[in-house]
1. Using a Gaussian network model of the chain whose springs link C-alpha atoms within less than 10 Å, name the residue from 210, 256, 178 with the highest mean-square fluctuation.
2. Multiply the residue separation of residue 241 and residue 340 by 0.36 nm, subtract the distance between their alpha-carbon atoms, and state the gained length in nm to one decimal.
3. Pop a pseudo-label 7 angstrom from the Cα along the beta-carbon direction at both residue 312 and residue 167 and give the gap in nm to one decimal.
4. Given a Förster distance of 35 angstrom, what is the FRET efficiency for residue 105 paired with residue 218, based on the Cβ-Cβ distance and rounded to 0.05?
5. Relative contact order for the chain: what is it in percent, counting Cα pairs under 8 Å that are at least 6 residues apart?
6. Suppose the chain between residue 43 and residue 65 were pulled fully straight at 0.36 nm per residue; how much longer would it get relative to their current alpha carbon spacing?
7. Can you tell me what share of the DSSP beta bridges in region 103-342 is antiparallel? A percent to the nearest 5 is fine.
8. Can you classify region 103-342 as rounded, prolate or oblate using the Cα gyration tensor, where a ≥ b ≥ c are the square roots of its eigenvalues, rounded means a/c under 1.5, and otherwise it's prolate if a/b beats b/c and oblate if not?
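Any read-out appearing in this document is the output of simple, stated calculations on the displayed coordinates, not a laboratory observation. This structure is a prediction, so every number in the text was calculated from the model and none was measured. Backbone-built Cβ (ideal geometry, glycine too); neighbour counts: all protein chains shown.
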């Protein structure tokens, strides 16, 4: 038998022994359609509550399961499901209870062409930057009061559609339009398919130097008011980060402000500013000032917090936070809370 005949026979045998449908140019990746799975645990101990010892307790604040995978070459699917506990508040006879919350569950199309991408499902509204982050992505224990008291306990989230357009320019410029059906909250009331909450947002980036960058955004939204009629809001946000690429060197400043007007509950505003500085490798000092005119109530809430975070690795951190809360109709409240947070699995990258 010639060498040519031997080579031909070997090639035929290889083809016949391959699995049916296997490609001849490359082997398929067996992990292509396997989901990324992550689990985030958030344990908190409220060591001090000036309102009374009832609030000085330890709870497993949140356990968040994250799933993400490419359903096919066109669709990316992500879901975040959380088991949540709340601290007991003064006069809360029922105490805290565990609840299941679908924070987000959506499909995203990134290949629509022409610079367009789309999302459908339960999504976090494109208002500012903090609203679209989960708790493990915050520099503080909770979302700012300006976000919670205007849009809801976890911001503006709900079933809806989102369409984004990336302008074909040298500078990053993105526009987003969304139609949402959030739960009834402080600002917006019961919405539906015929009358959703409509949000429009634009954002851009600036690279001041190789180490210093920023994001600037503006948001406008309208929908049915919780007090009847319609509600509208306008917001601006600015985030600046300094990351020289050296170990133990990081700083950020983040600020957001919102103005709202309702037919039945008047108008008002709210905002916050958060600064974080890495004082030494893995140790971060965070300060935040927060204020808001509570929709439907003739009073203002202000809060000042100071926190120290020890981020051992990207998979675990310890945090201590002191917070002072002031309201027109109540005595000032002082809280001191300790947090232990961990992550296992593959978690999607944090948004800028």
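1. 210
2. My answer for the length gained is 33.1 nm.
3. It is 4.6 nm.
4. Calculated value: 0.80.
5. Reported as a whole number, the value is 13 percent.
6. The span from residue 43 to residue 65 would gain 6.4 nm if fully extended.
7. 100
8. Oblate, because a/c is 1.5 or more while a/b does not exceed b/c.
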